[in-house]
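For reference, the structure is listed below as structure tokens.
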Amino acid sequence: MVQNKFNLIVAACENSGIGFKDKLPWSLKNELKHFRKMTTSTADPMKKNAVIMGRLTYFAIPESKRPLANRLNIVLSNTTAATDYPHDVILCSSLNEAMTKLIGTDLGANIETIWICGGSRVFNEAMSSDYCHRIYYTDIKAPFECDVFFPNISSAFKIIPNDEGIPTDEQEENGVKYQYKIYEKQQLNNTF
Ligand SMILES: NC(=O)c1ccc[n+]([C@@H]2O[C@H](COP(=O)([O-])OP(=O)(O)OC[C@H]3O[C@@H](n4cnc5c(N)ncnc54)[C@H](OP(=O)(O)O)[C@@H]3O)[C@@H](O)[C@H]2O)c1
């Protein structure tokens, strides 16, 4: 059964920019491969992962590449209808509705990890949610013109060592340097 937690995955440049004119501001093929590997890989070969994203993030994916293959695609929107999407995309009106569809249900029984893929409002809501476990963050060490930004990461999150074979050293592609980081949300300590 799906764990009742989710992870965020994001690539952000200097000033926390994540998007420009409904697209990614950069072209980093290996970084996209990292996104695909992280969101697709499962320990149990019988299961797949779910990706949850806002409407604009879904339509920012090139038409030929959406829905994202080998993952259960869930889109959040209140202005579109299920008929606007391929039949295997699940449309939800809120993050809570998406989680309700996945936790303790037949649908969720086949899901291993739930990934929150943006954009800005979804990330913001996800980070403050009790469901939030980790942020898989690609720190792009360059400025890009952006009109969408990743929200501030609160002190509830601490950087933990990279695992799952994620490189720890600085990556470079097309002259752009970036580094993979993992933030984990700390559990509230109730002992006073
Ligand atoms: N760098 C990265 O890692 C990364 C990741 C994701 C996206 N991006 C970029 O970010 C941009 C898109 O992000 P965005 O923030 O502008 O838009 P977005 O969150 O993808 O889409 C916004 C729309 O999604 C729906 N929505 C969002 N949160 C919702 C919620 N909690 N409940 C119900 N519906 C919700 C609403 O749709 P309705 O208006 O239909 O109700 C809203 O208008 C693009 O440029 C994309 O390329 C970058």
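The values are calculated or read from the model by the stated rules, or taken from the named source; none is laboratory data. The shown structure was predicted, so the numbers you read here are calculated from the model rather than taken from an experiment. A quick note on method: Cβ atoms are made from the backbone with ideal geometry, for glycine too, and the neighbour counts reach across all protein chains shown. When the accessible area is computed, the model is the full protein with side chains, heavy atoms only, and any ligands, DNA or RNA have been set aside. Shrake-Rupley method; radii C 1.70, N 1.55, O 1.52, S 1.80 Å.
Listing for the model above:
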{"quantity": "Test: residue in the stretch 89-100 that is of a type in the set (D, E, K, R), at pLDDT 95 or above, more than 11 Å from the ligand (Cβ to nearest atom) and out of contact with any Phe, Trp or Tyr (no Cβ under 7 Å at 6 or more places or on another chain)", "calculated": "no"}
{"quantity": "Qualifying residue in the stretch 29-38 (condition: surrounded by fewer than 14 Cβ atoms within 10 Å (Cβ to Cβ), touching a residue at least 24 places away in the same chain (Cβ under 8 Å) and over 28 Å from ALA142 (Cβ atoms))", "calculated": "no"}
{"quantity": "So GLY108, is it away from the ligand (no atom under 14 Å from the Cβ) and in contact with a Lys or Arg (Cβ under 9 Å, 6 or more places away or on another chain)", "calculated": "yes"}
{"quantity": "Selection count where residues are more than 21 Å from THR40 (Cβ to Cβ) and open to solvent by 50 Å² or more (accessible area, probe 1.4 Å), scope the stretch 57-102", "calculated": "9"}
{"quantity": "Given (1) open to solvent by 40 Å² or more (accessible area, probe 1.4 Å); (2) among the hydroxyl-bearing types (Ser, Thr, Tyr); (3) modelled with pLDDT of 95 or more, index of the condition TYR178 fails", "calculated": "(1)"}
{"quantity": "Number of positions in the stretch 108-137 that are open to solvent by 10 Å² or more (accessible area, probe 1.4 Å) and either of a type in the set (A, V, I, L, M) or within 11 Å of ASN4 (Cα to Cα) (or both)", "calculated": "8"}
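Here's the yes/no breakdown for (1) more than 8 Å from the ligand (Cβ to nearest atom); (2) within 23 Å of GLU145 (Cβ to Cβ):
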site	(1), (2)
LYS5	yes, no
ALA12	no, yes
GLY19	no, yes
SER27	yes, yes
LYS33	yes, no
THR39	yes, no
ASN49	yes, no
ILE52	yes, no
TYR58	no, yes
